[in-house]
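These notes concern the structure reproduced below.
Read-outs throughout are calculated quantities, based only on the coordinates presented, and are distinct from any laboratory measurement. Just so it is clear, the model here is predicted, and its values are computed rather than measured. Quick reminder, even Gly has a Cβ in these numbers, built from the backbone with ideal geometry, and neighbours come from all protein chains shown.
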Amino acid sequence: MDYQSPDGANLRESTLTRDQLVTVIKCGLPGRDMPAFDRLSYTDDRCLGRTQADLDRMGLTLPDPAATLQAREVERLVDFLLSKVVGRGPMDRAKCVDFWGEEVDVCTEY
Ligand code: HEM
């Protein structure tokens, strides 16, 4: 099986705060290929004061997310990222097994 490296950022190396993580997930990163997961992002000014018209004027596009997330889902996702991924240092065997909850094949690479 071919392994494809993920499209996104390495979140283990992220230095974003909790609030910044929530904002990036809800609002995406216009012009930088990270989709916005808030269904209403850019329909009003909730994303850094910007609307779709602002993005159009600035020539910034966003990919569509595969699905959108409720605010409480984003909060839980960020809880998870902060407990297991962001700021937790490089992946190793113990963290890999903890992440998956059991010994899985993919952890043998560590
Ligand atoms: C729910 C799933 C996702 C979460 C939680 C997530 C989270 C994040 C976060 C927090 C960042 C900022 C990292 C930093 O600056 O420290 C980021 C960046 C990025 N994400 Fe996502 N992401 C998700 C899905 C995706 C998907 C589906 C794609 C692409 C199809 C994507 C593409 C990117 C890219 C390209 C960046 C880096 C942009 C740059 O640094 O220029 N992300 N993501």
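Some notes on this structure:
- The packing ranking, built from the mean of other Cβ atoms within 10 Å per residue, places the peptides 103-109, 28-34 in the order 28-34, 103-109, highest first.
- Cα-derived Rg to Rh of region 11-109, Kirkwood definition: 1.07
- In order along region 7-12, phi translates into HN-Hα couplings of 6, x, 6, 7, 5, 4 Hz, rounded to whole numbers, per the Karplus curve 6.51 cos²θ - 1.76 cosθ + 1.60 with θ = phi - 60° and x for Gly and Pro.
- D (Stokes-Einstein, µm²/s), Kirkwood Cα radius, region 11-52, 1.306 mPa s at 10 °C: 149 µm²/s
- The helix-based estimate of mean residue ellipticity at 222 nm for the chain, built from -39,500 (n - 2.57) per DSSP H run of four or more residues and divided by its residue count, is -10500 deg cm²/dmol to the nearest 500.
- Between 0 and 90 degrees, the angle of helix 71-84 with respect to the longest Cα principal axis of the chain falls at about 40 degrees.
- Taking amide hydrogens as placed 1.01 Å from N in the peptide plane, the amide H of Met34 sits under 5 Å from those of Leu29, each at least 5 positions away in sequence or on another chain.
- Spin-label pair Arg18/Leu77, simplified geometry with 7 Å Cα→Cβ offset, distance in nm: 1.8 nm
- Contact order for region 11-109, expressed relative to its length and based on alpha carbon pairs under 8 Å spaced 6+ residues apart, stands at 32 percent.
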